[in-house]
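Enquirer: Next up is a structure, given as C-alpha cells.
The values are calculated or read from the model by the stated rules, or taken from the named source; none is laboratory data. For clarity, every value in this text was computed on a predicted model and none was experimentally measured. Here Cβ is always computed from backbone atoms with ideal geometry, including for glycine, and neighbour counts include all displayed protein chains. Ligands, DNA and RNA are stripped out before the accessible areas are found, and what is left, the full protein with its side chains, is counted by its heavy atoms. Shrake-Rupley method; radii C 1.70, N 1.55, O 1.52, S 1.80 Å.
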Amino acid sequence: MNVAKVLDAKGLACPMPIVKTKKAITDLQSGDVLEIHTTDKGAVKDLAAWADSTGNELLKHEEENGVFKFWMKKA
C-alpha cells in the first residue's frame, strides 16, 4: 500500500483524531492513502463512521501495542 501521509494523533482524545484526520485528508489527492495512528479506542468506531459519511474508504485498521492504526483512501 502506498501511503501518501502519516498522521500522528496519539495521545489525543475524541474528537481530535477526527478533526486532525479531516484536516490531513484535505491536503491529499483523490485516491491517496492516509495512515492514522491514535491511542483513542473510540476512534475505531468514529473513523469508520466518518469515512462512511464523507465517502472516503477505510481500507483497514489494526492495533499494535495500544496504538490503533488506520489506512484511509481519499474519495
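Enquirer: Can you give me the long-range amide H partners of LEU7? Hydrogens built in the peptide plane at 1.01 Å from N, cutoff under 5 Å, separation of 5 or more residues or another chain.
Expert: For LEU7, whose amide H was placed from the backbone, the distant partners under 5 Å are GLU35, ILE36, HIS37.
Enquirer: Go through VAL44, THR54, ASN65 and say which Cα lies farthest out towards the positive end of the charge dipole of the chain; charges sit on Cβ, +1 for Lys and Arg, -1 for Asp and Glu.
Expert: Of the listed residues, the answer is THR54.
Enquirer: Could you work out the helix-only [θ] at 222 nm for the chain, with each DSSP H run of four or more residues adding -39,500 (n - 2.57) and the total divided by the number of residues, to the nearest 500 deg cm²/dmol? Show your work: numbers first, answer last.
Expert: Numbers: 2 runs with 23 residues, N = 75.
Mean residue ellipticity, 222 nm, calculated: -9500 deg cm²/dmol.
Enquirer: Could you work out what % of the accessible surface of the chain is carbon and sulfur, using a 1.4 angstrom probe and leaving DNA, RNA and ligands out of the count? Walk me through the numbers on the way to the answer.
Expert: Working: 2200 of 4400 Å².
Looking at the chain in its full context, I get 50 percent from C and S.
Enquirer: With axes computed from alpha carbons, what is the tilt in degrees of helix 16-26 against the longest principal axis of the chain, rounded to the nearest 10 within 0 to 90?
Expert: Orientation of helix 16-26: about 20 degrees from the principal axis.
Enquirer: What are the residues whose amide H is under 5 Å from the amide H of ASP32, where those residues sit 5 or more places off or on another chain and H is modelled from the backbone?
Expert: Excluding prolines and chain starts, which carry no amide H, the hits are LYS74.
Enquirer: Related question: By how many degrees, between 0 and 90 and to the nearest 10, does the Cα long axis of helix 43-54 differ from the longest principal axis of the chain?
Expert: Here the helix axis deviates by roughly 20 degrees.
Enquirer: Enumerate the amide H contacts of ASN56 below 5 Å, restricted to partners 5 or more residues apart or on another chain; note that Pro and chain-start residues carry no placed amide H.
Expert: Placed amide hydrogens put ALA75 under 5 Å from ASN56.
Enquirer: A further question on this structure: Need one word for the chain: rounded, prolate or oblate. Basis is the Cα gyration tensor (sqrt eigenvalues a ≥ b ≥ c); a/c below 1.5 gives rounded, then a/b vs b/c decides.
Expert: On the way: a/c = 1.56, a/b = 1.38, b/c = 1.13.
Prolate shape, in that a/c is at least 1.5 and a/b is the bigger ratio.
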